[in-house]
1. Just from its helices, what would the mean residue ellipticity at 222 nm be for the chain, if runs of 4 or more DSSP H residues each count -39500 (n - 2.57) and the sum is divided by every residue, rounded to the nearest 500 deg cm²/dmol?
2. By counting other Cβ atoms within 10 Å of each Cβ, how are 122, 71 ranked from fewest to most?
3. Relative to the longest principal axis of the C-alpha atoms of the chain, give the angle of the C-alpha long axis of helix 95-113, reported between 0 and 90° and rounded to the nearest 10°.
4. What is the Rg over Rh value, at two decimals, for the chain, using alpha-carbon atoms and the Kirkwood definition of Rh?
5. Quick one: helix 117-142 against the long Cα principal axis of the chain, what's the angle to the nearest 10°, folded into 0 to 90?
6. Which whole-number percent of Cα pairs in segment 199-252 have a distance greater than 19 Å?
7. Quick check: Cα centre of segment 173-227 to Cα centre of segment 1-42, how many Å?
8. Based only on other Cβ atoms within 10 Å, what is the fewest-to-most ordering of 110, 55?
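Every number here is computed from the coordinates shown, using simple stated rules; none is lab data. All figures in this text were calculated on a predicted structure; none of them were measured in a lab. Every residue, glycine among them, receives a Cβ derived from its backbone with ideal geometry; neighbour counts consider all protein chains shown.
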Amino acid sequence: MYPELFSIGPFPLRSYGLTLAISFFFGVMYVKHMTSKDGKDFEPYLTLSYILIFCGVIGARVSYVLFHLSDFQGHWMDTFNPFGGSEFGISGLNLYGGVILSIIGGFLYCKIKKLPINETFDYFAPTLAFGLGVTRIGCFMNGCCFGTPTDLPWGISFPAGSLPFYIFQDQHLHPAQLYSSLYGILLFLVLHYLIKRKSFHGQIVAILFMVEATFRYMIESVRYYEDAMYISFGGFHPTYNHLISISLFVLGFTIYLTQSKKKI
């Protein structure tokens, strides 16, 4: 584990914050490259990039806080602080909260600026996959988003003092973060390959939503969650991420069906 890479004066640079910054920077540059190749003015896409980043961080933070309200009793101001108290580096984020708010914010911006929604989201779809691939490395180095115990030969244990060690001691755990990282990079390569070969606008973001939803639903079985993340109904005990994954798949499938009739 390397939650802190080095310090600049009194401020430690955290590995997760660095990987998040790398994913944001790459995403903006990627969209600039792809829109420029299509002869489009980059300015509205740059503004949309800022909106998606802002919505992503705020949504992820709000979602995390809602599921951990008891952790903030007595120091409620920390709910507005995604920098982990006195530490420098973003922490305490929930991915799907950020995804949901980013989709809403991006949709509203496209409507206001009269940008083609499906085509615009296609440009950004590969960047989300890349971001997953990079930031999950940060999760691994930070010791968060860890897996459940396993007997598989590639199981890993975390050092004393870490949250995984506190819960599972020195048991070998699924490297769930690395599963997600490898998946994210592979998905980025596939989406990048398809984006210039798509047959209709919305195809890339629809594939992203469906594949991401399927992967996230499956990996939930090997990720550790506290009890607050589970719900119970009809004898089932899914996590909230299971339900969001199902909704995301339905959204992607709907986009694919409705837009596939509108060839480029």
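1. Values: 8 runs with 156 residues, N = 264.
Result for the chain, helices only: -20500 deg cm²/dmol.
2. Details: 122 24, 71 14.
By the 10 Å Cβ count, ascending, the order reads 71, 122.
3. Around 20 degrees separate the two axes.
4. Working: Rg = 19.1 Å, Rh = 19.6 Å.
Rounded to two decimals, Rg/Rh equals 0.97.
5. It works out to around 20 degrees.
6. Values: 497 of 1431 pairs.
In whole percent, the share of Cα-Cα pairs in segment 199-252 beyond 19 Å is 35.
7. After rounding, the separation between the Cα centres reads 20 Å.
8. Values: 110 18, 55 22.
Fewest-to-most Cβ neighbours within 10 Å comes out as 110, 55.
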